[in-house]
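Everything on this sheet refers to the single structure shown next.
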Amino acid sequence: MGRDVSRWIRILVWLLWPMAMLPASASPSSSEAEVTEAKRITLATLEWPPYVAQRLKGRGYVHELVVTALERAGYEVHVKFVPWPRAVREASVGEVDGIFPAYYTKERTRQLAFSTPFAGGPVGLYKRKDTPARYPVDPRSNPVAALQGIREHTVGVVRGYANPLAVDNADFLNKETAKSDLVNLRRLYHKRVGLIVIDKFVADYLLETLLKEYREELEFMHPPLELKYFYVAFSPKAPNYQEKLEAFNRGLAQITEDGTLKRIYEQHGVSTVLHYEHDLSSTGLQEEAGKPAN
C-alpha cells in the first residue's frame, strides 16, 4: 500500500513539475494588460461613398488611409459605422477615441482635437455638356471673378452643406436649395437648374451607380473651386487622446514619405486629388487650404 502511494506521488510531481517551472511572465500582468489596452483605438465614421462605406473595397480610401496610418504607429484599430450625428455625439463625450473624415471648423475645436489634414475631395460645379458655361478666369486664383462669369445660370446647392466660401458669399448668384446631391443631379439633368455645386468624387460615384443614364450628359467644370481637406478629430475626453493624435500624425507622415498614401489613392481611383493638391501648391493656395482656419 505504501509503495502505491509513493508511486502516485512521484507521478503527480512529474506531471506538475513543468507548470511549476513556468516563468511568472507566462500570464499577462496588469501593467502589460494596460499597455495592450492603450494601443487600441476605436473610431466612428459614417456611410459616405466613395470616401468610406462598408461595401467598398477596403471600406473606401479614407478608411484604408486612416487605419494604415494608425497601424503603422503600432495601434490596433476598431472602426464602427454609425450615423454622423451619433458619431459626433459619442466623440464629444469620449465614448469613442475619435471620428473621421471630419471637416475642420472653429466651432468643433471646442470639443475635438484635429489631426494633420490629408487631401479629401475636389468641390466645384457640375453642368450639362450642352450648357455653354465656363469660367472667365481660373477660380483657384480669383474665385469671385470666376463665379461672376457664370452668374446668368441658376446654381443648385444642398441645404446645410459646407459650400466653398466664395459660393456662400456670392450674393450675385441665383441659388436654389435641394435636400441632397442626388436630387440636385436629377434637377441638373432635367434642366431645372443650370449648374450645381457638388463634390466631384461624390458626383462621379452617383453617376456610376444610381444615375448611369445621366453619365453622358453631365460633366465637371475644371478646375475645382476648392479642395476639401479631411481630418481625424480626436476626443479630449478619451484616454490618452494626445498620444493617439500624435501617433496618427506620425503614421500619416510615414505613409506619405514612403509612397503608401499615394498607392492608396491610386488603388481607389482618386489619385486626381493629388494633382489638384499639386495645382493648389503651384498657385500658392495649398498652404492655406491645408491649414485649420484661424
Count - residues of the stretch 270-283 that are at pLDDT below 70 and either assigned to a loop (DSSP other than H, G, I, E, B) or exposed (fewer than 13 other Cβ atoms within 10 Å of the Cβ) (or both)
3
Test for THR131: is it in the same structural domain as PRO85 (by TED's automatic domain parsing) and either assigned to a strand (DSSP E or B) or among the hydroxyl-bearing types (Ser, Thr, Tyr) (or both):
no
Identify all residues within the stretch 255-267 that are surrounded by 15 or more Cβ atoms within 10 Å (Cβ to Cβ) and of a type outside the set (Val, Ile, Thr); write none if there are none.
LEU261, TYR265
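Tell me which strands (runs of 3 or more DSSP E) are completely within the stretch 191-245 and hold 3 or more residues being within 17 Å of the chain's Cα centre (by Cα) and modelled with pLDDT of 95 or more, or say none if there are none.
226-234
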Among (1) more than 19 Å from PRO122 (Cβ to Cβ); (2) crowded, with 20+ Cβ neighbours inside 10 Å, where does ARG187 come up short?
(2)
If I filter the stretch 72-89 for residues that are crowded, with 24+ Cβ neighbours inside 10 Å, over 22 Å from GLU246 (Cβ atoms) and assigned by TED's automatic domain parsing to the domain that holds ALA233, do I get at least one hit?
no
Considering only the stretch 94-127, state which residues are farther than 30 Å from TYR241 by Cβ and touching a strand residue (DSSP E or B) at 6+ places or on another chain (Cβ under 6 Å).
PRO122, LEU125, TYR126, LYS127
Suppose the filter is out of contact with any Lys or Arg (no Cβ under 6 Å at 6 or more places or on another chain), without any contact (Cβ under 8 Å) to a residue 40 or more places away in the chain and on the phi > 0 side of the Ramachandran plot; does GLY160 pass it?
yes
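Could you list, in sequence order, all residues of the stretch 224-237 that are of a type outside the set (Ser, Thr, Tyr), out of contact with any Ser or Thr (no Cβ under 6 Å at 6 or more places or on another chain) and buried (at least 20 other Cβ atoms within 10 Å of the Cβ)?
PRO224, LEU225, GLU226, LEU227, LYS228, PHE230, ALA233, PHE234
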Positions within the stretch 109-149 being crowded, with 19+ Cβ neighbours inside 10 Å and among the charged types (D, E, K, R), in sequence order
LYS127, ARG140
Looking only at the stretch 140-157, how many residues end up being more than 13 Å from VAL197 (Cα to Cα) and in a helix (DSSP H, G or I)?
5
Just to check your reading of the model, which residue among GLN267, GLN254, GLN286 is at pLDDT below 90 and in contact with a helix residue (DSSP H, G or I) (Cβ under 8 Å, 6 or more places away or on another chain)?
GLN286
For the stretch 64-74, state whether one or more residues are without any contact (Cβ under 8 Å) to a residue 60 or more places away in the chain and acidic (Asp, Glu).
no
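The values are calculated or read from the model by the stated rules, or taken from the named source; none is laboratory data. Here the structure is a predicted model, which is why all the values come from computation and not from measurement. Positions of Cβ are generated from backbone atoms using ideal geometry, with glycine treated the same way; all protein chains shown enter the neighbour counts.
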